[in-house]
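The values are calculated or read from the model by the stated rules, or taken from the named source; none is laboratory data. Predicted, not measured: the structure shown is a model, and the values here were computed from it. FYI the Cβ positions are ideal-geometry reconstructions off the backbone, even for glycines, and counts take in every protein chain you see.
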Amino acid sequence: MTSTNTKKSFILKVAIFATGFSGIVAEYLLSTLASYFLGDSILQWTLIVSLMLFSMGLGSRLSKSFTYDLLFSFLWIEFVLSLVVSFAPLLVYGIVAYSTFLPFIIYAFAISIGFLIGMEIPLVIRINEEYEALRTNISNILEKDYYGSLLGGIFFAFVGIPYLGLSHMPFLLGFVNFTTAFFVFLRLKNLGNKKQIPYLYLGAGFVFLSLSLGLFFAKPIIQYGEQKKYKDKVIYTQQTKYQRIVMTQWKNDYWLYLNGNEQLSTVDEFMYHEPLVHPALTMHPNPRHVLVLGGGDGCAVREILKHKAVKQITLVDLDPEMTALAKEHPILTSLNDSAFFDPRVKIFNDDGFRFLEKTQSFFDVIMIDLPDPRSVELGRLYSQELYAICYQQLRPHGILITQAGSPYFATKAFRCVVKTMEAAGFTTVPMHNHILTLGEWGWSLGVKTKGDVLTKLQSLSFDNIQTQWITDEAMHLLTSFGKDAFIDQQDTVKVNHINDPVLYRYYLKGNWDLY
């Protein structure tokens with residue numbers, strides 16, 4: 001192969017490396033978008049990746065119908081792909097408040113992008129066959145595509161989501177495709193039909209202008225879409241490595257959302273945090289060291305600090321941006337009384353399961369204040385395996401309490417949490433309370449000791465603790481469920497294991513199978 005042919009082949013390989021990079025990031029981007037808007041991350045990632053791979057096959061099949069001007073066909077595909085990849089997230093955000101067909105729209109974009117990507121590799125292989133033998137041509141082109149995919153995956157995980165977010169990352173992908181296509185065009189344009197060259201210049205100008213305008217207006221469009229999604233005034237948004245944080249305001253009250261799901265409201269958060277914290281700490285004879293898994297907003301810690309017996313609080317929250325926000329944002333610092341600045345509080349930004357596996361510390365009370373188990377990843381933190389480690393790391397008379405979702409709107413999920421704690425050795429008492437902005441909510445309290453835990457809870461006194469809602473009498477309400485219309489469902493509920501994650505399925509199904 002001559003040096004000129006070597007250079008031409010190298011340019012094609014650079015192009016396919018870049019398309020491999022942008023293709024895999026586009027898959028991950030749409031999967032993240034689908035998880036954010038539609039929920040059930042496992043299902044959405046599976047569907048998006050499968051649809052894209054399937055449509056890549058369709059694109060590959062169609063590519064055989066291109067019989068001439070292969071290079072310029074490749075360039076036009078790249079220009080179109082640049083636009084689709086860049087504007088798909090914006091269109092989803094723009095129509096989310098107006099369309100009931102959002103899943104089909106997201107899946108249609110996944111199919112379109114996969115279809116365009118699928119046409120590229122066969123075309124580049126056919127173009128490159130003039131410069132390399134078949135066995136080296138195919139292996140070299142596929143190799144560069146796979147290497148680009150690896151870099152794309154690393155970029156998405158460590159740069160794209162944490163630093164660029166869903167507003168700017170799509171346009172970066174668009175510019176990668178556009179720049180690659182334009183570079184190939186400038187270097188190899190003499191290989192194509194010269195009559196198309198002016199049209200390609202016009203197409204390149206149109207794509208560049210569209211991407212530039214889209215990048216400029218991306219943030220306000222996404223803000224508009226989120227504003228429509230949340231109804232109340234959005235006053236803060238942040239895309240972190242792990243989640244999207246949104247705060248909204250209505251009159252003098254505020255709401256905190258993680259990945260579109262309400263975590264708390266200033267209207268009534270005390271009706272959630274006081275039952276989570278005070279029964280466990282009041283019942284324990286000497287709660288010196290408390291572990292909190294989750295609770296990155298700081299409100300649970302605020303309540304724990306009201307107990308003078310507590311000498312140390314260890315809080316483990318995966319997202320450092322969330323705990324930093326709770327220490328810095330004036331709304332949250334006012335709400336949590338700057339609890340994270342108390343010298344008794346130590347914060348670790350780590351996975352709760354991993355922290356418990358490696359810690360050498362023992363605790364008197366463990367509180368689990370995590371989002372609902374709506375995914376396999378979160379369900380792992382409500383598993384028998386986690387509760388068994390909690391049992392080991394609790395001192396004698398130790399108490400574990402976890403939020404457990406709604407006992408009435410997701411009854412099987414609630415019962416699954418209780419039953420899973422019992423399988424780990426705890427004596428449990430389920431509790432519930434009506435929270436104005438969340439509805440009926442539940443907790444499961446477990447102790448290492450045997451005995452009549454319910455009677456102990458109902459005899460607690462909170463006279464020495466400054467509270468807004470919970471009282472001695474309230475414990476009778478918290479632990480009373482009346483006649484349980486779903487009591488027969490208890491026997492059908494399975495224990496949640498890491499290798500058998502039934503909880504998230506119970507949660508997502510809700511109570512539809514009870515009627």
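Summary of values
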| read-out | value |
| --- | --- |
| The stretch 204-238, residues that are among the hydrophobic types (A, V, I, L, M, F, W, C), assigned to a helix (DSSP H, G or I) and modelled with pLDDT of 80 or more | A204, F206, V207, F208, L209, L211, L213, L215, F216, F217, A218 |
| Hits in the stretch 142-164 (condition: of a type in the set (D, E, K, R) and in contact with a Gly (Cβ under 8 Å, 6 or more places away or on another chain)) | K144, D145 |
| Tabulated pairs, the stretch 287-305, first under 24 Å from E357 (Cα atoms) and without any contact (Cβ under 8 Å) to a residue 40 or more places away in the chain, second surrounded by fewer than 24 Cβ atoms within 10 Å (Cβ to Cβ) and of a type in the set (S, T, N, Q), C-beta under 8 angstrom, 6+ apart or interchain | G296/T323 |
| Among residues of the stretch 59-80, those that are under 23 Å from P170 (Cβ atoms) and among the hydrophobic types (A, V, I, L, M, F, W, C), counted | 6 |
| Any hit, the stretch 327-337, residues being crowded, with 23+ Cβ neighbours inside 10 Å and either touching a residue at least 60 places away in the same chain (Cβ under 8 Å) or not basic (K, R) (or both) | yes |
| Residues (assigned to a strand (DSSP E or B) and not small (G, A, S)) located in the stretch 426-441 | T427, T428, V429, P430, M431, H432, N433, H434, I435, E440, W441 |
| Residue count for the stretch 384-425, restricted to those that are assigned to a helix (DSSP H, G or I) and either surrounded by fewer than 24 Cβ atoms within 10 Å (Cβ to Cβ) or in contact with a Gly (Cβ under 9 Å, 6 or more places away or on another chain) (or both) | 20 |
| Any hit, the stretch 354-361, residues being surrounded by fewer than 18 Cβ atoms within 10 Å (Cβ to Cβ) and within 27 Å of L256 (Cβ to Cβ) | yes |
| Options T455, T449; residue that is at pLDDT below 95, surrounded by fewer than 16 Cβ atoms within 10 Å (Cβ to Cβ) and within 17 Å of C390 (Cα to Cα) | T449 |
| Candidate set from the stretch 93-114 (those that are of a type in the set (A, V, I, L, M) and more than 19 Å from S50 (Cβ to Cβ)); member that is surrounded by the most Cβ atoms within 10 Å (Cβ to Cβ) | V96 |
| Residue match in the stretch 165-175 (condition: closer than 25 Å to K13 by Cβ and of a type in the set (G, A, S)) | yes |
| Subset of the stretch 99-133 [under 21 Å from G214 (Cα atoms), more than 21 Å from the chain's Cα centre (by Cα) and in contact (Cβ under 8 Å) with a residue 60 or more places away in the chain] | I113 |
| Every pair of residues 6+ apart whose Cβ atoms lie under 6 Å, when the first sits in the stretch 1-23 and is in the same structural domain as H168 (by TED's automatic domain parsing) and part of a helix (DSSP H, G or I) while the second is among the small types (G, A, S) and surrounded by fewer than 21 Cβ atoms within 10 Å (Cβ to Cβ) | G20/S149 |
| Pair list, Cβ under 6 Å, 6 or more apart: the stretch 40-51 residue closer than 14 Å to R505 by Cβ, other residue not hydrophobic (A, V, I, L, M, F, W, C) | S41/S35; S41/S375 |
| Residue in the stretch 185-195 that is surrounded by 19 or more Cβ atoms within 10 Å (Cβ to Cβ) and more than 12 Å from L75 (Cα to Cα) present | no |
| Among the candidates D350, D364, D372, residue that is crowded, with 23+ Cβ neighbours inside 10 Å and not in a helix (DSSP H, G or I) | D364 |
| Failed criterion for F481 (all others in (1) surrounded by 11 or more Cβ atoms within 10 Å (Cβ to Cβ); (2) part of a loop (DSSP other than H, G, I, E, B); (3) modelled with pLDDT of 90 or more; (4) not small (G, A, S) hold) | (3) |
| Per-region count, the stretch 217-250, residues touching a His at 6+ places or on another chain (Cβ under 8 Å) and of a type in the set (S, T, N, Q) | 0 |
| Single residue of the stretch 1-17 satisfying the filter (of a type in the set (G, A, S) and in contact with an Asp or Glu (Cβ under 9 Å, 6 or more places away or on another chain)) that is surrounded by the fewest Cβ atoms within 10 Å (Cβ to Cβ) | S9 |
| Residues within the stretch 307-325 that are within 15 Å of the chain's Cα centre (by Cα) and within 18 Å of D337 (Cα to Cα), tallied | 1 |
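Table: residues versus (1) over 21 Å from I161 (Cα atoms); (2) surrounded by fewer than 16 Cβ atoms within 10 Å (Cβ to Cβ); (3) more than 21 Å from the chain's Cα centre (by Cα).
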{"residue": "F216", "(1), (2), (3)": "no, yes, yes"}
{"residue": "P220", "(1), (2), (3)": "no, yes, yes"}
{"residue": "K228", "(1), (2), (3)": "yes, yes, no"}
{"residue": "L256", "(1), (2), (3)": "no, no, no"}
{"residue": "S265", "(1), (2), (3)": "yes, no, no"}
